[in-house]
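The values are calculated or read from the model by the stated rules, or taken from the named source; none is laboratory data. Every value quoted in this text rests on a predicted model; they were computed, and no experiment measured them. We place every Cβ from the backbone using ideal geometry, glycine too, and count neighbours over all the protein chains shown.
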Amino acid sequence: MVGNFDNDVRAFSLENGDEVFTQEQSDFQNALWEGMSENVIVFETTLEKPVYINWAARAAFGNGSATAAALHLHESGFFHNLLADEAVLNVAQAVGRTAFRTHPLFEGQRFNGYVFTTSDKVGDAYLVVIFHIETDQERIEYLRREMNAVITHELRTPLTSIKGALDLLKSGLVGPLTEKAQMLLNIAGSNSDRMLDLIQEILDLSENAQIGDIRESEVIKIAPLLESLVVTHQGYGSYHGVDVQMRPTDAALSVCAVPSQLTKILSNLLSNAVKASERGNSVEIWAQASDGSVAVFVRDHGAGIPVDLRDNLFERFTKASWGNDQTVGSSGLGLNIVRTLIEQLGGAISFETEEGKGTVFRVDMPKHD
């Protein structure tokens, strides 16, 4: 527990002969501590009081005075909220280092940093706290992780249960179903599968953004892949009254890509094309060679992409208005996911659209010779 700072705060200047921590260090080591842009505070493991505060922290919280900085941080609750956190201390003492994010807010701001354990020449233990004011990017990253946790728990878990119930009904184990009931269950099951796939894509993108894509690429023949995609999207197209077709494609065309990612890319474009189409229209997919690459095209005959969406179409949460009687909702994430996956595979995406005549999306992938 943090002690009282009323009258016995130590002097923290490096010239002070009573300074415990820096007294043990070389001039070079002292210069490193003092030259750090991060705030550094060193505690004895009793957490009774700091034994060292570097220049960055003295300037930020005490106008150059270590005593003022210590009092400021103590009275504002920083020491209590950080160092009274047993989880942080236990992990630091067990493995030598742990990250932290202060909670609640410290004067409208949060601190991010690390707690290290160390010892002096005679074996006395110390805790070194290195921290900085949380940046906007760090705050966004924290919120992203929190959102993913919500997606995993609040969406994926109950949706999986719903899918299990639908599969049980379709199996006939709970009783016979009429043909119409079976058709409705198939539609519900298909849409629950699509939702689970979307949720998994978001989680996959999150992981890829942090550690990169480590899955191995394979040589993929484009024509059989497109044929398979057309077959799997026929049911979705029929439900919306749209015919999904494949145009002639050279059977020799191949690309080097991660199969699951390329499938996700083209499936997303096909389902979007279906949603953008009026009943009775068709959606086409095909591929052709193009200057050392393979270009895959997905065409719809819908209303076209509105002018005000074109510049930001691949940004997150850009929601398209289909311009028809379709009532399917949009998360505004699909095309951002598509672009990210394509870029990870070394490809590119573009589109041409004309109001009232439809849109053609083009995915260019490196050709495999």
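State whether one or more residues within segment 155-162 are in a helix (DSSP H, G or I), of a type in the set (Gly, Ala, Ser), free of Cβ contacts under 8 Å to residues at least 60 places away in the same chain and exposed (fewer than 14 other Cβ atoms within 10 Å of the Cβ). Please lay out each step first, then the result.
So the first thing to find is which residues in segment 155-162 are in a helix (DSSP H, G or I), and the list is 155-162.
Still in the running and of a type in the set (Gly, Ala, Ser): 161.
Subset that is free of Cβ contacts under 8 Å to residues at least 60 places away in the same chain: 161.
Within this subset, residues satisfying the condition of being exposed (fewer than 14 other Cβ atoms within 10 Å of the Cβ) are 161.
Taking every residue of segment 155-162 in turn, at least one turns out to be in a helix (DSSP H, G or I), of a type in the set (Gly, Ala, Ser), free of Cβ contacts under 8 Å to residues at least 60 places away in the same chain and exposed (fewer than 14 other Cβ atoms within 10 Å of the Cβ).
For the subset of segment 327-369 comprising residues that are polar (S, T, N, Q) and more than 18 Å from the chain's Cα centre (by Cα), which member is modelled with the lowest pLDDT? Talk me through it step by step, then tell me what you get.
Applying the first criterion (polar (S, T, N, Q)) to segment 327-369 yields 327, 330-331, 336, 340, 344, 350, 353, 359.
Remaining after also requiring more than 18 Å from the chain's Cα centre (by Cα): 327, 330, 350, 353, 359.
On the way: 327: 42, 330: 51, 350: 92, 353: 92, 359: 94.
Of everything passing the filter in segment 327-369, 327 is modelled with the lowest pLDDT.
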Screening 126, 114, 142 for residues that are of a type outside the set (A, V, I, L, M, F, W, C), surrounded by 14 or more Cβ atoms within 10 Å (Cβ to Cβ), without any contact (Cβ under 8 Å) to a residue 24 or more places away in the chain and out of contact with any Pro (no Cβ under 7 Å at 6 or more places or on another chain) leaves only 114
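In segment 350-369, how many are surrounded by 19 or more Cβ atoms within 10 Å (Cβ to Cβ) and either free of Cβ contacts under 8 Å to residues at least 60 places away in the same chain or of a type in the set (Phe, Trp, Tyr) (or both)?
At the first step, the residues of segment 350-369 found to be surrounded by 19 or more Cβ atoms within 10 Å (Cβ to Cβ) are 353, 358-359, 361, 363-365.
Among the residues that remain, those that are also either free of Cβ contacts under 8 Å to residues at least 60 places away in the same chain or of a type in the set (Phe, Trp, Tyr) (or both) are: 353, 361.
Number of matching residues: 2.
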List, please: which pairs have Cβ atoms under 6 Å, are six or more places apart or on different chains, and start with a residue in segment 253-280 that is closer than 14 Å to residue 198 by Cα and end with one that is modelled with pLDDT of 90 or more and assigned to a helix (DSSP H, G or I)?
266/229
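Only residues that are more than 18 Å from residue 306 (Cβ to Cβ) and either in a loop (DSSP other than H, G, I, E, B) or not charged (D, E, K, R) (or both): list them for segment 342-369, please.
Within segment 342-369, the first condition is being more than 18 Å from residue 306 (Cβ to Cβ), and the residues that meet it are 342-349, 362-369.
Once the filter is applied, which keeps residues that are more than 18 Å from residue 306 (Cβ to Cβ) and either in a loop (DSSP other than H, G, I, E, B) or not charged (D, E, K, R) (or both), segment 342-369 yields 342, 344, 345, 346, 347, 348, 349, 363, 365, 366, 368, 369.
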